[in-house]
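The values are calculated or read from the model by the stated rules, or taken from the named source; none is laboratory data. What you see is a predicted model; the values in this text were computed from it and never measured. Here the Cβ positions follow ideal geometry from the backbone for every residue, glycine too, while neighbour counts run over all protein chains shown. For the accessible areas, the whole protein counts, side chains as well, though only heavy atoms, and no ligand, DNA or RNA atoms are used. Shrake-Rupley method; radii C 1.70, N 1.55, O 1.52, S 1.80 Å.
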Amino acid sequence: MKKFIQHSILFSFFALAFYICAVFVFGSYTLRNLKPNINFKLGGNTYSRLIEVKKIDSIDILFLGSSHSYRGFDTRIFKKNGLNTFNLGSSAQTPIQTQILLKRYLDRLQPQLIIYEVYPPTLSIDGVESSLDIISNDKNDIYSFQMAIHINKIRTYNTLLYATTRKLLQLDNNFSTPKEKEKDLYIKGGFVEKEISYYQPQSIPKNEIILNETQLKTFVKTLDIIKKKNIKLLLVYAPITKSLYRSYTNNTYFDSLMHRSGNYYNFNEMINLVDTLHFYDSHHLNQKGVRLFNEKIIKLIDE
Amino acid sequence: MLFNSIDFAIFLPVIFILYWLVSKNLRLQNLLIVLSSYLFYGWWDWRFLSLILFSTIIDYLIGISLSKQDHKTKRKILLWTSITVNLGFLGFFKYYNFFLDNFITAFSFFGTEINANSLDIILPVGISFYTFQTLSYTIDVYKQRLKPTKDFIAFSAFVSFFPQLVAGPIERAKNLLPQFYTKRNFDYSNAVNGMRQILWGLFKKMVIADNCAQYANIIFNDSSEYSGSTLVLGAVFFTFQIYGDFSGYSDIAIGTARLFGFNLKQNFAFPYFSRDIAEFWRRWHISLSTWFRDYLYIPLGGSRGGAWSKIRNVFIIFLVSGFWHGANWTFIIWGALNALYFLPIFITNNNRNNLNVVAQGKYLPNTKEFLLMLITFALTVFAWIFFRAENINHAFSYLSEIFSISLLSIPEIRPVTIFILLFLFITIEWLGREGEYAISKICLRCNKLTRWAFYSFIIALIGIFMQTEETPFIYFQF
């Protein structure tokens, strides 16, 4: 029995070392199809944003949330109005990722106000995709490990293992990413401007918002972190197309939940935008829409 | 609790250590097995624990009563009480709605409308497995092949033994029950063998079955959208899915039992390397096939009697086997199809031609063996279409699309990764076909470093190719 346990422990170490090597070899030298559970994507606007945030000391407003945040809050418009802002949104950012970013950067940024963009689907998903984005493009520390445990999916574990190995081997020290990629232009402060285009309406089936328990719990904990720091907080549901908004059958439920969580503003009920004029797809504003939305929110802050 | 879950990865080592810590006390070990098995089962739905407990108590009491009773009629009544109770539960939970629906359809066919509501019945996981296991005990005691046990804890452990509780192998009381009476000593090589078998089972389930399932589901769920060639591919993917899933479960179950000092029966013996359908059925779900042989086929007369009674018995056995899998006509047709495959070689007395392992001692089969394996494989793939289809209409529309001109087109879905994984899997299975499971002998003579590297490579493949979501085993629904 003793021999069996000893050998099992020894084998576990051996297998772990082998596993790390295998993940590295598969991650580095095989085609994408052959590594479905390793999804390391270095570069893009998250990379630029997370490089920039490390150089910033204090700001007036910090934006958090999904792509609606980094494509919806134009830091230049706020700057023109005398507000120094930074946009820490990331693709499909769920509360699990919001929390890790806050833990890493809140003390450095010291914002007076946080505008937290809340979008029902990001509270309904497991957060794997967004975790991969952050693991690939930011430093990996104990918070990354906590996030992986929280999400508990093999793709997150493997990508974290692979990203950590790459960082230990210093393979990405000379990496840089272009500010402009396809139709996206990265703007100082974390905003991403999309080349102007317009949404072609499509029929959207009715859909009920079913929130993920883990995400909801993390959301509450994230709000607690902000409250403990005595930072003012606005919860914002950024505009999406009317057709998509109306496809959600339980918007009132979501609104009441957010109202209970803090100062909440649903801009789908506060601003009148046209689907075919102010959006480039069913849920992202184009630059015309961004301008109107940002002006409205600045007015709200002023009030 | 699923074998391929984090919960089980914590549960198993904890129970394993506790179990061997109390190895000096047999009753305590058995009690620990009962408690851990109830925890294992209750993790899924604790309400159905009462069914297992009830079944255990009934069969335990009937067993004791049978030992005290010499009166033939009273013994028969006791036996039929056990059969009625066990099959009654199974019938209610598994077949109630099926019979009701078919009853209504049959009456409406003759112009009589019947209003009856289907019940929203949840099928208790593994009910078909543990029902058959406990039935084997009562029947064996009745036939005086086995002495009834007076040890209630040992009997409870036999009924609920967690490694094989929910999806087999269906153990005979004669094989498993005595193992609960005798002291188990920890055996290093048996435990290592168990770990190795668990590893291979996990690979089969998490890499082969779950990846094949992904494409089999896409193709079967939307079969009208694909060409015949893609549908053939879908059927092949399902063929490997069901094998990887079910034999993977059996490997994990047998391997886990080994860790606790128990020997369970081999349930799969490389069935896709069979040279005829009789050989296939000697190698596929062995514990169920032999159960039906011993408790249904032989009592019906078996292969004795005239040609017609032989044919009848073969049909009964395959139809019941199909129906055991689920309350759907697709399973019954699957069973009938296998009976049709089997009958020609059975009637011509060729059903025991291939009793040995194919190409024993050789690396490759000869042309004849290869062709026979290919034909048998094609026949099983064809039958699996009925097994997987949602209903009869779906199965026939699937087949009609296969037998169309689009069979000659290039498949729309060509998952290269799955092809590579299947090639690797078939190669390892082929190389290990003379063992109890594929990797039972592979690399055993290599030095420790190479052996460990081989096992670690399998672990790495699991980590890299497993599905993100935990997927339940197909046979849980049976």
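With the simple spin-label model, which puts each label point 7 Å out from Cα in the Cβ direction, the B:Thr112 to B:Glu436 separation comes to 5.6 nm. For chain A, the 222 nm mean residue ellipticity estimated from helices alone, with every DSSP H stretch of n ≥ 4 adding -39500 (n - 2.57) and the total spread over all residues, rounds to -15000 deg cm²/dmol. The overall shape of region B:173-222 is oblate: from the C-alpha gyration tensor, with semi-axes ordered a ≥ b ≥ c, the ratio a/c is 1.5 or greater and a/b is no larger than b/c. Rounded to the nearest 20, the size of the Cβ-charge dipole of region B:15-91 about its Cα centre is 340 debye, with Lys and Arg at +1 and Asp and Glu at -1.
At the residue level, B:Tyr181 shows approximately 100 square angstrom of accessible surface with a 1.4 angstrom probe and all protein chains present. Along the axis of the charge dipole computed for region B:82-206 (Cβ charges of +1 for Lys and Arg, -1 for Asp and Glu, origin at the Cα centre), the listed residues B:Ser189, B:Gly91, B:Ile139 are led at the positive end by B:Ser189. Across the options B:Ser223, B:Leu355, A:His284, the greatest Cα extent toward the positive end of the charge dipole of the protein assembly as shown (unit charges at beta carbon of Lys, Arg, Asp, Glu) belongs to B:Leu355. Across the protein chains, with a 1.4 Å probe defining accessible surface, the residues B:Trp430, B:Trp384 rank B:Trp430, B:Trp384 from largest area downward. Relative to the longest principal axis of the Cα atoms of chain A, the long axis of helix A:95-109 lies at roughly 80 degrees.
Spin-label model, A:Asp281/B:Leu444: points 7 Å from Cα along the beta carbon direction are separated by 5.5 nm. For B:Phe387, the accessible area of its heavy atoms, probed at 1.4 Å with every protein chain present, is near 10 square angstrom.
Taking the Cα centre of the protein assembly as shown as origin, sum charge times position over the Cβ atoms of Lys and Arg (+1) and Asp and Glu (-1), and report the length of that vector in debye to the nearest 20.
It works out to roughly 2620 debye.
Once you reduce region B:293-367 and region A:228-264 to the center of their Cα atoms, the two points are 63 Å from each other.
Rolled with a 1.4 Å probe across the full set of protein chains, the surface gives B:Arg172 an accessible area near 20 Å². Helix A:251-261 and the long axis of chain A differ in direction by around 80°, with both axes built from C-alpha atoms.
Which of the three applies to the protein assembly as shown, rounded, prolate or oblate, going by the alpha-carbon gyration tensor with a ≥ b ≥ c and a/c under 1.5 meaning rounded? The shape class here is prolate.
Report the FRET efficiency, 1/(1 + (r/R0)^6), for B:Gln69 and B:Phe99, where r is their Cβ-Cβ distance and R0 is 25 Å, rounded to 0.05.
The calculated FRET efficiency here is 0.15.
Note that region A:136-151 has calculated 3J(HN,Hα) couplings of 5, 10, 10, 5, 10, 10, 4, 5, 5, 4, 4, 4, 4, 5, 4, 7 Hz, one per residue in order, obtained from phi through the Karplus relation 6.51 cos²θ - 1.76 cosθ + 1.60 (θ = phi - 60°); glycine and proline are x.
Between helix A:2-29 and chain A there is an angle of about 50 degrees, using the helix long axis and the longest principal axis of the Cα atoms. Put the Cα centre of region B:154-188 next to the Cα centre of region B:413-448 and the gap is 29 Å.
How big is the Cα convex hull of region B:343-478 in projection, averaged over all directions, in nm²?
On the way: hull surface 51.2 nm².
Value for region B:343-478: 12.8 nm².
Looking at region A:116-220, the GluC sites (Glu not before Pro) that sit in a DSSP loop and have at most 13 other Cβ atoms within 10 Å of their own Cβ are A:Glu182, A:Glu195, A:Glu208.
In plain terms, the chain from B:Leu300 to B:Phe186 could stretch by 36.8 nm, reckoned as 0.36 nm per residue minus the Cα-Cα distance. For the peptide B:227-233, the mean number of other protein chain Cβ atoms found within 10 angstrom of a residue's Cβ is 0.
When B:His325, A:His150 are compared by accessible area of protein heavy atoms, the largest-first order is A:His150, B:His325, using a 1.4 Å probe.
Run the dipole for region A:142-279 about the Cα centre, Lys and Arg Cβ at +1, Asp and Glu Cβ at -1, nothing else charged, and hand back the magnitude in debye, nearest 20.
520
Can you give the percent of C-alpha pairs in region A:9-51 whose distance is more than 14 Å?
Of all Cα-Cα distances in region A:9-51, 61 percent exceed 14 Å.
Dividing the mean sequence gap of close Cα pairs (under 8 Å, 6+ apart) by how many residues chain B holds gives a relative contact order of 19 percent. Once the C-beta distance of B:Lys362 and B:Arg451 is scaled by a Förster radius of 22 Å, the resulting FRET efficiency is 0.35 to the nearest 0.05. When each full DSSP H helix of chain B is screened for a Cα extent of at least 18 Å along its own axis and an average Kyte-Doolittle hydropathy of at least 1.6, the helices passing are B:6-21, B:329-347, B:416-431. Ordering A:Lys228, B:Lys310, B:Lys76 by accessible surface, largest first, gives A:Lys228, B:Lys76, B:Lys310; the 1.4 Å probe counts only protein heavy atoms, with every chain in place.
Determine the alpha carbon to alpha carbon distance for each of A:Lys181/A:Lys299; A:Lys79/A:Lys296; B:Lys265/B:Lys368; B:Lys24/B:Lys441 and list only those over 22 Å.
Check vs 22 Å cut-off fails for A:Lys181/A:Lys299; B:Lys265/B:Lys368; B:Lys24/B:Lys441.
Length gained on full extension, A:Ala17 to A:Met1, computed as 0.36 nm times the residue gap minus the Cα-Cα distance: 3.3 nm. Within region B:20-45, whose backbone N sits under 20 Å from a point 7 Å along Cα→Cβ of B:Ser5? Output list for this probe position: B:33-45. Looking at the square roots a ≥ b ≥ c of the eigenvalues of the Cα gyration tensor of region B:1-133, which shape do they give, rounded for a/c under 1.5, prolate if a/b is larger than b/c, or oblate? Oblate, since a/c reaches 1.5 and b/c is not below a/b.
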